[in-house]
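What follows is a single structure, written as structure tokens, with notes after it.
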Amino acid sequence: MTLAVIKFGGTSVGDARAMRQSAQIVRSAVEKFDHIIVVTSAMGKSPDPRDQVKVTDTLINAARSAADGDGEFFHKAKRQLADKHLTAIDGAVDNPEDRRRIAEEIDRLLDGFETLCASVRVLGEVTPRALDAISGLGERIAARILAGALRSVGVNAESIDATEIVVTDDRFQAAAPLMDETRERTHTVLHRMLDRGVVPVVTGFIGATRTGVPTTLGRGGSDYSASIIAAAMDATDVFNYTDVNGVLSTDPRIAPDARTIDRLTAQEMSEMAYYGASVLHPMTIAPLIERNIPLRVKNTFNPDHPGTLIVHDSYIEGAHALKAVTTVREVSVITVTGRGMKGVPGIAARTFTAVARTGTSVLMFSQASAETNICLVVPRASTARVKSELQSEMAGEISRHEIDEVTSFDEASIITVVGQGISDTPGVSGRVFGALGNAGINVYAIAQGSSECSISMVVGDKVCDDAVRAVHQLTLH
Ligand code: ASP
Ligand code: MG
């Protein structure tokens, strides 16, 4: 029994033409697999340059401006969204009765959007909970239209809101799935549909708490939805359709010789996503690892291209030692230094606890073996908060001159080179540093991923692109 989960990203459903293209992809898959489940993002920008409206962004901007007291923008946003979606229905759904019914449902959802924004405006604030209710509307609308587009090409599809099947905790804006409950509900509801010969079109990005309050999995979360559903259903294959030919070895705007990576291990992909590769939500791989489900990243607009296959073997025979280079821009290196730290237990623990209080996630960390400094790399948006929290935590040590100061270097970026070969090919890190040295690039901090399949280095913002090009060369041989 084969079951494929096919996920479409925002541009793959960005307008009627894209939806029709995605519908054709599903239609051919229906012939190859026993069962298909489709997962969709909200409509993103259209391949047509005249329509650059990204639905989720528009919903969020409207909610925020309403919270700031703007009484106009959300009405304007509603008209813009109605326009985009109605145009898509007209172009992608053939049956007039189907068109009318979907348009009506969308009207109702958009009226709900307007009411929510009006209340946000009265309250003068948008809570994470309200933001989740509003920002998740794009997927609900897109799933209905995509199901209509599928019926138009002869696929018996029905939309379903993930609020009915994906059960999450209540961390609004970044909810985590409760897998046991999700599995149970997904199984019951989706099998009921599959048994009737229906292809379910599930909303990505959203879920609901045990008590039914809508949540979202965080921006870009539809990828994660697809793998949560795949794991819950014991799928045999996951396809992630996007608008590029799979996972690229680096950003082609920086290095024009960037190319598609044929195969990646799950570990490599996780590392890449964590360190800035924007193709997949960083959590996407996790639910698939446990059940050994392969994931293929493919291009909706070039479906014959094989894309990238992500598999779960720990080592891929004959693969390049180094496969990809990613970047995280705008970070700061925060350093706590002082001779008085040497041999004093608990400084590292207190440092982390202080940082945790600010809600910041630390991207890299290192402690010199002489124990006279600890260095943390954090997103620049958090720098001020982290520094002041550390200063107050260490106030005693600072006043006794055991710690000199908490300083930061703010014009920094992280570049990460990923490849399973880093752990088992001697001399790989030497080549990486050699390439940077030859390009005259100074490295401020280094960390090797715990899985030993990545090395991350902090370099100056201004030389980051040069650093990417220098290291990317090594992935080509
Ligand atoms: N529509 C959501 C976003 O823009 C989720 C997704 O597309 O993956 O973040
Ligand atoms: Mg995405």
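The values are calculated or read from the model by the stated rules, or taken from the named source; none is laboratory data. Fair warning: this is a prediction, and the values are worked out from it, not measured in the lab. For neighbour counting, all protein chains shown are included, and Cβ atoms are generated from backbone atoms with ideal geometry for every residue, glycine included.
With respect to Asp223, is the statement that it is away from ligand 1 (no atom under 15 Å from the Cβ) and either outside any loop (DSSP other than H, G, I, E, B) or surrounded by fewer than 22 Cβ atoms within 10 Å (Cβ to Cβ) (or both) true?
When the stated conditions are applied, Asp223 does not pass them.
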Task: Close pairs from the stretch 8-23: first within 13 Å of Gly138 (Cβ to Cβ) and assigned to a helix (DSSP H, G or I), partner away from ligand 2 (no atom under 16 Å from the Cβ) and not small (Gly, Ala, Ser), Cβ under 9 Å, at least 6 apart - done: Val13/Met19; Val13/Ile145
TODO: Go through the stretch 418-477 and give me each residue that's at pLDDT below 90, touching a His at 6+ places or on another chain (Cβ under 9 Å) and part of a loop (DSSP other than H, G, I, E, B).
DONE: Leu476, His477
Open item on the list: I need the full set of residues from the stretch 185-214 which are crowded, with 19+ Cβ neighbours inside 10 Å, closer than 19 Å to Met1 by Cβ and touching a residue at least 60 places away in the same chain (Cβ under 8 Å), in order please.
Closed with: Leu190, Val199, Pro200
Open item on the list: Contact list please: Cβ distance under 8 Å, first residue in the stretch 114-130 and on the phi > 0 side of the Ramachandran plot, second residue modelled with pLDDT of 95 or more and surrounded by 15 or more Cβ atoms within 10 Å (Cβ to Cβ), pairs at least six apart or on different chains.
Closed with: Gly124/Ala67
- [ ] Only residues in the stretch 322-336 that are among the acidic types (Asp, Glu) count as the first member; pair them with residues that are surrounded by fewer than 21 Cβ atoms within 10 Å (Cβ to Cβ), Cβ under 6 angstrom, at least 6 apart or cross-chain, and list the lot.
- [x] Glu330/Arg380
Task: Any hit, the stretch 230-247, residues being within 16 Å of ligand 2 (Cβ to nearest atom), assigned to a loop (DSSP other than H, G, I, E, B), surrounded by fewer than 23 Cβ atoms within 10 Å (Cβ to Cβ) and not acidic (Asp, Glu) - done: yes
Task: Which numbered condition Leu217 fails, given (1) surrounded by 24 or more Cβ atoms within 10 Å (Cβ to Cβ); (2) more than 14 Å from Val167 (Cβ to Cβ); (3) not β-branched (Val, Ile, Thr) - done: (2)
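If I ask for residues that are away from ligand 1 (no atom under 13 Å from the Cβ) and in a strand (DSSP E or B), which ones from the stretch 202-214 would you list? If you could, list the steps in order and put the result at the bottom.
Initially, the stretch 202-214 is screened for residues away from ligand 1 (no atom under 13 Å from the Cβ), giving 208-214.
Scanning the stretch 202-214 gives Ala208, Pro214.
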Task: So Val297, is it more than 14 Å from the chain's Cα centre (by Cα), within 16 Å of ligand 2 (Cβ to nearest atom) and either crowded, with 19+ Cβ neighbours inside 10 Å or among the hydroxyl-bearing types (Ser, Thr, Tyr) (or both) - done: no
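Just checking, does the stretch 151-174 include any residue being within 16 Å of ligand 2 (Cβ to nearest atom) and within 19 Å of the chain's Cα centre (by Cα)? Break it down into steps so the answer makes sense when it comes.
Filtering the stretch 151-174 down to residues within 16 Å of ligand 2 (Cβ to nearest atom) leaves 162, 174.
Still in the running and within 19 Å of the chain's Cα centre (by Cα): 162, 174.
Within the stretch 151-174 (the criterion being within 16 Å of ligand 2 (Cβ to nearest atom) and within 19 Å of the chain's Cα centre (by Cα)), the answer is yes, since at least one residue qualifies.
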TODO: Could you figure out which of (1) more than 16 Å from ligand 1 (Cβ to nearest atom); (2) within 18 Å of the chain's Cα centre (by Cα); (3) not basic (Lys, Arg) isn't true of Asp243?
DONE: (1)
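Can you confirm whether Thr186 is part of a loop (DSSP other than H, G, I, E, B), more than 16 Å from ligand 2 (Cβ to nearest atom) and either of a type in the set (Ser, Thr, Tyr) or closer than 26 Å to Gly148 by Cβ (or both)?
In short, no.
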Open item on the list: Here is a list: Gly154, Gly136. Which entry is modelled with pLDDT of 95 or more, under 30 Å from Phe33 (Cα atoms) and crowded, with 21+ Cβ neighbours inside 10 Å?
Closed with: Gly136
- [ ] Kindly indicate whether any position in the stretch 295-308 is within 16 Å of ligand 1 (Cβ to nearest atom), assigned to a loop (DSSP other than H, G, I, E, B) and polar (S, T, N, Q).
- [x] yes
TODO: Among the numbered conditions (1) among the aliphatic types (A, V, I, L, M); (2) in a helix (DSSP H, G or I); (3) more than 16 Å from ligand 1 (Cβ to nearest atom); (4) out of contact with any His (no Cβ under 6 Å at 6 or more places or on another chain), tell me where Leu194 comes up short.
DONE: (4)
Task: In the stretch 60-81, the residues that are crowded, with 17+ Cβ neighbours inside 10 Å, without any contact (Cβ under 8 Å) to a residue 40 or more places away in the chain and farther than 21 Å from Asp15 by Cβ - done: Ser65, Phe73
Open item on the list: Can you pull out every residue in the stretch 318-339 that is over 25 Å from Ala384 (Cβ atoms) and not in a loop (DSSP other than H, G, I, E, B)?
Closed with: Ala324, Val325, Thr326, Arg339
Open item on the list: Looking at the stretch 37-57, can you tell me whether even one residue there is away from ligand 1 (no atom under 16 Å from the Cβ), surrounded by fewer than 16 Cβ atoms within 10 Å (Cβ to Cβ) and without any contact (Cβ under 8 Å) to a residue 12 or more places away in the chain?
Closed with: yes
Task: Tally, over the stretch 389-417, of residues that are out of contact with any Ser or Thr (no Cβ under 9 Å at 6 or more places or on another chain) and in a loop (DSSP other than H, G, I, E, B) - done: 3
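Taking the residues in the stretch 257-281 that are in a helix (DSSP H, G or I) and of a type outside the set (Ser, Thr, Tyr) as candidates, determine which candidate is nearest to ligand 1 (Cβ to nearest atom). Explain how you work it out, then say what you get.
Step one: filter the stretch 257-281 for residues in a helix (DSSP H, G or I), giving 266-274.
Cutting the leftovers down to of a type outside the set (Ser, Thr, Tyr) gives us 266-269, 271-273.
On the way: Ala266: 19, Gln267: 22, Glu268: 21, Met269: 16, Glu271: 20, Met272: 17, Ala273: 13 Å.
Restricting to residues being in a helix (DSSP H, G or I) and of a type outside the set (Ser, Thr, Tyr), the top hit is Ala273.
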